[in-house]
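Okay, structure first, notes after.
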Amino acid sequence: MNLNVFLSGIRNNPWVTPVTVMALVLGALLAVSLKTQQSIRSTSLPSNRFSGLAAAYRDQQEQLKMANEEISKLRERTTQYENEMASASEKAKLLNNALQEAKFLAGLTPVEGPGIEVVLQDSKKRPPANSPIDIENYIIHDSDLQRVVNELHAAGAEAVAINGQRIIATTAIRCVGPSIQVNGIALSSPYVIQAIGAPETLLGAMNLPQGVLADIQAIDPNMAKVTKKNNIQIPAYTGSLVFRYAKPVATASGNVQGGEESSAK
Amino acid sequence: MNWLPVIGLLLGFALFYFMPLQLPSDYAPYLSLATLSGLDSILGGIRAGIEGKFHVDVFISGFIFNTLLAAMLAYLGDQIGVDLFLAAVVTLGGRMFLNLSLIRRYYLTQWTLSRQRDAERT
């Protein structure tokens, strides 16, 4: 291709030069567009897949809920079988009593009784303009839930659950992006914390001056509400019960005791 | 056959592809639509040139206005929750096919004619 081809083109056709100039602009647009799309593809999901993923997510949650119901049903049946087997002999009955007590303490049985309900939710208000208060203070954080649960236990709560998630010995309450995970399940505002215990004591613990709710309620009284309940039902823990590392310490007499003797072996 | 627009396109592409310029991904749909509209304008310009109806003012103003309009239409659609995006894509897409087919036909005819002339000469 020699230069003559181009020049003859310009001479013959008045449209070639403007089209070429605009083609340059189009090339620039194409390049920027392509680069932007590439960066979207490499860093995040294309927006046209959001609806499909949302549907899949809902499906999965539905299945998870059903699986959890299945777990609690099966665990209840286990308890029934244990009770049936216990009726065979006096020894078995004693063993079963101890077993049921341990399961109760571990949070593996649904429980009911009097207590209180603490509802924590993100404030609908926003900080006024030029306010020194950060917007973060208008949101419920994992630390708020931890402090409330801690205070409830300190006040003698015997069973605690957040949005139906039973708090057990290995429960973690942590912040994961916009939601708070309890037992590995993502929860979102409002957070309903149910606690079974002496209602007056629990209520007093929540309403202590300078207590766990004081800071939150100073921002917006609607963020924390405490109500006394005559009968609260708290579901059993439905998460995993597999222990892979911890093993009970076996001693010569077969009793479970502190670690000193076993390490001397 | 005139290759200057193609070379302009490649040059513009290369120039901006290797520039460290990047738009926030929020504007990506509008940018895509603006690009599509620009492509349509270029093809329309080539077609008009072939048909001998080309006017520089119409072409340049059409390119700029259509590009901005397409992006603004998409933005408006996003704001009011209607996929006006699709309206632009369908319209521009249809027109591009039409223009491309006319351009193709023109150059195909030219090619056939030149071949006939060559055959007559020999």
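With respect to the conditions (1) in a helix (DSSP H, G or I); (2) of a type in the set (D, E, K, R); (3) over 24 Å from A:Thr238 (Cα atoms), A:Asp122 lacks only one, and its number is (1). Residues that are touching a Ser or Thr at 6+ places or on another chain (Cβ under 7 Å), under 29 Å from A:Glu136 (Cα atoms), surrounded by 17 or more Cβ atoms within 10 Å (Cβ to Cβ) and assigned by TED's automatic domain parsing to the domain that holds A:Val182: does region A:199-207 have at least one? Checked against the condition, which is being touching a Ser or Thr at 6+ places or on another chain (Cβ under 7 Å), under 29 Å from A:Glu136 (Cα atoms), surrounded by 17 or more Cβ atoms within 10 Å (Cβ to Cβ) and assigned by TED's automatic domain parsing to the domain that holds A:Val182, region A:199-207 yields no hits at all. Of the residues A:Ser189, A:Ser131, A:Ser179, A:Ser123, the single one that is under 28 Å from A:Val242 (Cα atoms) and not hydrophobic (A, V, I, L, M, F, W, C) is A:Ser179. Within the set of pairs 6 or more residues apart or between chains, which connect a residue that is more than 17 Å from B:Thr35 (Cβ to Cβ) and surrounded by 14 or more Cβ atoms within 10 Å (Cβ to Cβ) inside region B:67-80 to a residue that is at pLDDT 90 or above and among the aromatic types (Phe, Trp, Tyr) with Cβ atoms less than 8 Å apart? If the second residue must be at pLDDT 90 or above and among the aromatic types (Phe, Trp, Tyr), no pairs are left.
The residues listed here are A:Ala218, A:Ala129, A:Ala161, A:Ala186; of these, the one that is assigned to a strand (DSSP E or B) and over 21 Å from A:Gln233 (Cβ atoms) is A:Ala186. The C-beta contact set for region A:164-175 (first residue hydroxyl-bearing (Ser, Thr, Tyr), second residue modelled with pLDDT under 90, distance under 6 angstrom, 6+ apart or interchain) comprises A:Thr171/A:Asn183.
Looking across region B:1-51, the residues that are more than 7 Å from chain A (Cβ to nearest Cβ), free of Cβ contacts under 8 Å to residues at least 12 places away in the same chain, closer than 16 Å to A:Leu30 by Cβ and part of a helix (DSSP H, G or I) come down to B:Val6, B:Ile7, B:Ala14, B:Tyr27. Tallying residues that are within 50 Å of the chain's Cα centre (by Cα), at pLDDT below 85 and not basic (Lys, Arg) within region A:1-45 yields 9.
The values are calculated or read from the model by the stated rules, or taken from the named source; none is laboratory data. No experiment lies behind these values; they were computed from the predicted model shown. Glycine gets a Cβ as well: all are built from the backbone with ideal geometry, and neighbour counts include every protein chain shown.
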